[in-house]
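The values are calculated or read from the model by the stated rules, or taken from the named source; none is laboratory data. Given the structure is predicted, the values throughout are model-derived calculations rather than measurements. Note that each Cβ is placed from the backbone with ideal geometry, even for glycine, and that neighbours are counted across all protein chains shown. Accessible surface is based on the protein model in full, side chains and every heavy atom, while ligands, DNA and RNA are left aside. Shrake-Rupley method; radii C 1.70, N 1.55, O 1.52, S 1.80 Å.
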Amino acid sequence: MVPRSTIYHSSSSTNTSTEVDPVVTCTDVSRHFTRGSSHSGWFSRSSQSAEIVTALSNISLSVTRGEFVGLAGPSGSGKSTLLHLLAALDTPSTGSVALAGRQTNTLSTRQRTKLRLDHVGIVFQHFHLLPSLSARANVATPLIELGYSRRQRRQRATELLANVGLDDRVHHTPGELSGGEQQRVAVARALATDPDLVIADEPTGELDTTTGKRVLDVLAAVATDRAVIVASHDPQVLDRVDRVIRLRDGHRQKVDETT
Amino acid sequence: MLLITVSGVALGMASQNAVQSDDVDYWVVPEGGNLNTIAVSTGGPQLGDTHRLTDRLQSDTRVEYATPVLLQVVPVQSSTRNDPEYVLFIGVIVPETSQPVIAGQPTDALQAGDPYFANGTYNGTWTGEAVINPAAADVLNVSAADPIEPVESTPESLHVQSVSDEEFQTGVGVAPIALVHLSELQAMSGSTTDDAADQLLVSTNDPSVRNELASLYPNTTVVTRTGIATQQVSTSSLPVAMAVAALVIAVLIGVLFTATMMGLEVTHDRSALATLTALGYSERSLAVLVVTETMSLAVLGGLLGVGLGVAGILITNAAVAATLDVPSLAVLHPALFGYGFSVALCIGIVAAPYPIWLSRRAEPLEVMRQ
């Protein structure tokens, strides 16, 4: 598969033009965190100096619809931080992230929340399904916020569960589902709003090889008409994606194009 | 529970009230007195020259009837009881044109008017008529036509004209009462000098009478039917204090309990709230979820509290009946249900901001990092 996106590092200045409007683009993105406190507490006379930690440094990338992109790297390399920025869960310290054509760092928290609702689906490593709700109710959860009627929600959720092979688990609660089934419910929930971008953070991290493969099959199928970005250590995942962006210490190392 | 039970007791205490009568629209009471002084009215501020002013009111075509009410607790002996029993005597002037029920006792058994008070003096015909309630008949062991004898000196004796079917409920149970002519009770109690009475009941359909009533006596209060409940409660400091204390404590405990429970709940659901935020739920939607949960908890608490409060009232009444031989102390008024439920809703509203504030601290990045 020929990548339809441009991935580049700002320091390399080897930009390639895109053929299709990207779903998400980040340009010269850095993210710094402050460790410790720079001011005295109410009961403390001494001032502790703050330490600036750089989680990401000058990362630029662009992902278009139809791409299945992997983020790889050791723990602490900045994979999750980059995912958070791409999903508009966080904003960069410097640089910019454009999601569905909107610069996330210019948006308020409320606007970014709405942007996520409309354009982003998230699959968590630990599923984070609501334990008291059935699989169908979990999948339908984002649709409530979009104002779907009860009938529409049930219909859409049932369809999505059927698409991930769980049409016989519609009424089961997460506690009654296996790990792989829970993760497929989470994928179905991420797709409920028909997002342009699906973000998955270690989606197979809690699953065995066989179950993880089934989840990957679902994500690969999803990527045919939307952008999917997966952060993972799992070689099985990285073998399935179109491209792998490898990070180390917050810097991009290289891009592997696997197809 | 505390709120309903204590309010029921306070209501019961406050309902030792003014003498009620059919169709009475106004009560004229001395300003220094109050409407719940039946048992302790002796020595309190009184109205004077009551016969003349009643005649004046009766001559007003707007007034259906008017009667002064004198309340006196009188020790009474009967032929079958050696020891005197205390009976609350209620002296009234029976209207010529109607026979209202006063303090639950029908006046039709008494002669119309006030025969002993003739031409402004107390030398008319002594009727000796008394209408007593079943409680008085029981304590005196008398029935219709039996004589009863006040211990204090009276010009003539009394006899039971009839025994009514209606009891006279006070906040602490049923009181034995006897309805007699005003002038005869004045003669028994030595109130003839000033022609005294404790209250003036007026029945009318014309609200303009109120101004007339207000001009009758200086330093009196005219209470309307709608205002009597307020007057009853507001003039009694102990029941009001009890009710207010119960309200404050109930609201305080309720708000602290609800806020704490919801705080624990939101903390427990922090991951779910953060997940919803990550999925795109707005702060407003999460606030609606939290408020719904808080109000549900408050409503459930209110229903439980009202139920337990009703049980508390029943238990209180059963306890005082068993220990003090008083049939009832607390009143189970239907308004208490609405009151308890309203307070529960207020508790929910007051407690809601804390869990909302906690819910807004749930960061979506928390679940991503887990």
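Step through the residues of segment B:340-348 one at a time and calculate ³J(HN,Hα) from phi using the Karplus curve (6.51 cos²θ - 1.76 cosθ + 1.60, θ = phi - 60°), rounding each to whole Hz and writing x for Gly and Pro.
x, 5, 5, 5, 4, 5, 4, 4, x
What spacing in nm lies between the two simple spin-label points modelled at A:S178 and B:N205, each 7 Å away from Cα in the Cβ direction?
So the label points at A:S178 and B:N205 sit 8.5 nm apart.
Can you tell me what percent of all Cα-Cα pairs in segment B:238-369 are more than 22 Å apart? Kindly include the intermediate steps, with their values, before the conclusion.
Numbers: 4258 of 8646 pairs.
Cα-Cα pairs in segment B:238-369 separated by more than 22 Å: 49 percent.
With each label point set 7 Å from Cα along the Cα-Cβ vector, what nm distance links B:T125 and B:V139?
Between B:T125 and B:V139, the label points sit 3.1 nm apart.
According to a simple spin-label model (label point 7 Å from Cα along Cα-to-Cβ), what is the distance in nm between A:D194 and B:D165?
Distance between label points: 7.5 nm.
Count, for each residue of B:280-287, the Cβ atoms from other chains sitting within 10 Å of its Cβ, then give me the mean as a whole number. Don't jump to the answer; show the numbers that get you there.
On the way: counts 18, 7, 6, 3, 1, 4, 2, 0.
For peptide B:280-287, the averaged partner shielding equals 5.
If each residue of separation counts as 0.36 nm, what is the full-extension length gain between B:W357 and B:S342 once their alpha-carbon separation is subtracted? Could you put the intermediate results ahead of the total?
Numbers: separation 15, 0.36 × 15 = 5.40 nm, distance 2.40 nm.
That pair, B:W357 and B:S342, stretches by 3.0 nm at full extension.
Near the amide H of A:T64, under 5 Å away, which other amide H atoms are found, from residues 5 or more places off or on another chain, if H is placed in the peptide plane?
A:V23
Using only atoms on other chains, find how many Cβ atoms lie within 10 Å of each Cβ of peptide A:123-134 and report the average.
On the way: counts 0, 6, 4, 5, 1, 10, 2, 5, 1, 1, 1, 0.
Across A:123-134, the average partner-chain Cβ count within 10 Å equals 3.
In nm, what is the difference between 0.36 nm times the number of residues separating B:S98 and B:L264 and their Cα-Cα distance? All intermediate terms of the calculation are to be shown ahead of the outcome.
Working: separation 166, 0.36 × 166 = 59.76 nm, distance 6.60 nm.
Going from the current span to full extension adds 53.2 nm.
Ratio to report: Rg/Rh of segment A:139-184, with Cα atoms as the point set and Rh obtained by the Kirkwood method; give two decimals. Don't skip to the answer; put the middle values down first.
Details: Rg = 10.9 Å, Rh = 11.0 Å.
We get a ratio of 0.99 for segment A:139-184.
Could you quote the convex hull projected area for segment B:80-130, Cα atoms only and averaged over all directions, in nm²? Please list the in-between numbers first.
Numbers: hull surface 19.7 nm².
Averaging across all directions leaves 4.9 nm² for the Cα convex hull.
With just the Cα atoms of segment A:139-259, tell me how far they stretch along each of the three principal axes, in Å, largest first.
Extents along the principal axes, in whole Å: 48, 29, 26.
Any chance you could get the radius of gyration and Dmax over the Cα atoms of segment A:76-211, in Å?
Answer for segment A:76-211, Rg first and Dmax second: 15.6, 47 Å.
Could you tell me the calculated FRET efficiency between A:Q155 and A:A221, based on Cβ-Cβ distance and R0 = 30 angstrom, to the nearest 0.05? The partial results should precede the final answer.
On the way: r = 20 Å, r/R0 = 0.68.
E between A:Q155 and A:A221, to the nearest 0.05, is 0.90.
So, R0 is 41 Å and r is the distance between the beta-carbons of A:R102 and B:L256; what FRET efficiency does that work out to, to 0.05?
Values: r = 44 Å, r/R0 = 1.08.
Efficiency for this residue pair is about 0.40.
Taking both sides together, what accessible area is buried at the A/B interface, probe 1.4 Å, expressed in Å² and rounded to the nearest 100? Walk me through the numbers on the way to the answer.
Values: alone 12680 and 17350 Å², together 28290 Å².
Using a 1.4 Å probe, the pair buries roughly 1700 Å².
List the residues whose amide H sits under 5 Å from the amide H of B:Y86, counting only those 5 or more places along or on another chain, with H placed 1.01 Å from N in the peptide plane.
Distant-sequence amide H within range of B:Y86: B:V76.
Going by amide H atoms built from the backbone, whose H comes under 5 Å of the H on B:V160, apart from near neighbours?
For B:V160, the qualifying residues are B:A145, B:D146, B:I148.
Probe radius 1.4 Å, ligands and nucleic acids ignored: give me the carbon and sulfur share of the accessible area of segment B:238-369 as a rounded percent.
Working: 5110 of 6750 Å².
Ligands and nucleic acids excluded, carbon and sulfur give 76 percent.
Sticking to Cα atoms, compute the Rg of segment A:50-103 to one decimal and its Dmax as the biggest Cα-Cα distance, whole number, in Å.
12.1, 43
Ratio of segment B:60-206's C-alpha Rg to 2.2 N^0.38 Å, to two decimals?
1.00
Taking θ = phi - 60°, what integer Hz values does the Karplus form 6.51 cos²θ - 1.76 cosθ + 1.60 yield along segment A:88-101, in sequence order, with x for Gly and Pro?
Per-residue couplings from phi come out as 6, 7, 9, 10, x, 6, 9, x, 9, 10, 10, 10, 6, x Hz.
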